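S.K.: I have a structure I would like to understand better, so I am pasting it below and will then ask my questions one at a time.
The values are calculated or read from the model by the stated rules, or taken from the named source; none is laboratory data. In this text, all values refer to a predicted model and were calculated from it rather than measured experimentally. A quick note on method: Cβ atoms are made from the backbone with ideal geometry, for glycine too, and the neighbour counts reach across all protein chains shown.
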Amino acid sequence: MRLIMIRHGQTDANLAHQLDTGFPGTPLNATGQAQAAGLVERLKDEPIEAIMASDIVRARQTAEPLAAATGVPLISHPGVREIFAGDLEMRTDWTDYISVIQAWSTDPTVRMPGAQNGLEFARRFDRAVAEMADHDCAAIVSHGAALRTWLIGATGLAVDDGPQWVLANTAVVVIEGQPGAWQVVSWADRQLA
């Protein structure tokens, strides 16, 4: 299976560096709408059979042009939502949020204040991805921290905090394999395999 993982387009909360992780979230701004429209051309050669997006508004809005262009119905799914910041929601200092996520690499039972722990996050994301496993090629539109965290755990990829591993708005990561055995093919348009 080929799985195309896409970060949503830009929002005003992104520009303000706010931890906007809750439902329904902020919508795409004009730049984000243009980025979403641009995915149609960028992914035109991919034989996408299924499209899933987080049910947070910016992810759905990012996936809608791709769904319309391909004629593939859009599945809105809470399982691929962002890692909820809980008590840290809408802060502009991400230090505590990132510290918890980084701690999950050695202790996934660490809990985000007022929210989930790493095991709960991984289970919900894994279940959503598994629903796409019957397709040869599928796309999932999700969120930066959720994608990066899930991809590192699911692929075993050793990712540091260098700029080459940043997932900018509408960055695309392609993985191949099956649940439990994924390999990264490309990360933000950089070929790895």
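S.K.: Hey, Thr109 hits all of (1) farther than 27 Å from Met1 by Cα; (2) out of contact with any strand residue (DSSP E or B) (no Cβ under 8 Å at 6 or more places or on another chain) but one; which does it fall short on?
M.R.: The number of the failed condition is (2).
S.K.: Could you check how many residues of region 4-33 are farther than 25 Å from Gln116 by Cα and assigned to a strand (DSSP E or B)?
M.R.: Total satisfying the criteria: 2.
S.K.: Name the one entry in Arg42, Arg60 that is touching a strand residue (DSSP E or B) at 6+ places or on another chain (Cβ under 6 Å) and basic (Lys, Arg).
M.R.: Numbers: Arg42 fails: touching a strand residue (DSSP E or B) at 6+ places or on another chain (Cβ under 6 Å).
Among Arg42, Arg60, only Arg60 is touching a strand residue (DSSP E or B) at 6+ places or on another chain (Cβ under 6 Å) and basic (Lys, Arg).
S.K.: Follow-up question, since we're still on this one. Looking only at region 61-78, how many residues end up being within 20 Å of Leu19 (Cα to Cα) and surrounded by 21 or more Cβ atoms within 10 Å (Cβ to Cβ)? Don't jump to the end; show me each part of the working.
M.R.: Initial filter on region 61-78 (within 20 Å of Leu19 (Cα to Cα)): 61-62, 78.
Subset that is surrounded by 21 or more Cβ atoms within 10 Å (Cβ to Cβ): 62.
Of the residues in that region, 1 qualify.
S.K.: Let me ask something else about it. Taking Asp45 as meeting all but one of (1) under 28 Å from Val185 (Cα atoms); (2) outside any loop (DSSP other than H, G, I, E, B), write down the number of the exception.
M.R.: Checking Asp45 against (1) under 28 Å from Val185 (Cα atoms); (2) outside any loop (DSSP other than H, G, I, E, B), the one that fails is (2).
S.K.: In region 61-80, which residue that is in a helix (DSSP H, G or I) and β-branched (Val, Ile, Thr) is nearest to the chain's Cα centre (by Cα)? Even if it seems obvious, please write down each step before you answer.
M.R.: Step one: of region 61-80, the residues in a helix (DSSP H, G or I) are 61-70, 78-80.
From what's left, β-branched (Val, Ile, Thr): 62, 70, 80.
Values: Thr62: 11, Thr70: 20, Val80: 7 Å.
Within region 61-80, the match that is nearest to the chain's Cα centre (by Cα) is Val80.
S.K.: Does Ala16 meet the test of being at pLDDT 95 or above, of a type in the set (A, V, I, L, M), loosely packed, with under 13 Cβ neighbours inside 10 Å and more than 17 Å from the chain's Cα centre (by Cα)? Working first, answer last.
M.R.: Details: at pLDDT 95 or above: yes; of a type in the set (A, V, I, L, M): yes; loosely packed, with under 13 Cβ neighbours inside 10 Å: yes; more than 17 Å from the chain's Cα centre (by Cα): yes.
Criteria met by Ala16.
S.K.: If you check Glu41 against the conditions, is it acidic (Asp, Glu), out of contact with any Phe, Trp or Tyr (no Cβ under 9 Å at 6 or more places or on another chain) and either within 18 Å of Gly144 (Cα to Cα) or at pLDDT below 95 (or both)? First the steps, then the outcome.
M.R.: Details: acidic (Asp, Glu): yes; out of contact with any Phe, Trp or Tyr (no Cβ under 9 Å at 6 or more places or on another chain): yes; either within 18 Å of Gly144 (Cα to Cα) or at pLDDT below 95 (or both): no.
In short, no.
S.K.: To continue, here is another question. Can you give me the number of residues within region 80-120 that are without any contact (Cβ under 8 Å) to a residue 24 or more places away in the chain, among the acidic types (Asp, Glu) and surrounded by 14 or more Cβ atoms within 10 Å (Cβ to Cβ)?
M.R.: Residues flagged as without any contact (Cβ under 8 Å) to a residue 24 or more places away in the chain, among the acidic types (Asp, Glu) and surrounded by 14 or more Cβ atoms within 10 Å (Cβ to Cβ) within region 80-120 amount to 2.
S.K.: Read through the list (1) out of contact with any helix residue (DSSP H, G or I) (no Cβ under 7 Å at 6 or more places or on another chain); (2) farther than 24 Å from Leu192 by Cβ; (3) among the acidic types (Asp, Glu); (4) at pLDDT 95 or above, then give the number of the only condition that Asp55 fails.
M.R.: All conditions pass for Asp55, except number (1).
S.K.: Answer yes if at least one residue in region 119-133 is more than 22 Å from Pro65 (Cβ to Cβ), of a type in the set (Phe, Trp, Tyr) and under 13 Å from the mean Cα position of the chain (by Cα), and no otherwise.
M.R.: The answer is yes, given that some residue of region 119-133 is more than 22 Å from Pro65 (Cβ to Cβ), of a type in the set (Phe, Trp, Tyr) and under 13 Å from the mean Cα position of the chain (by Cα).
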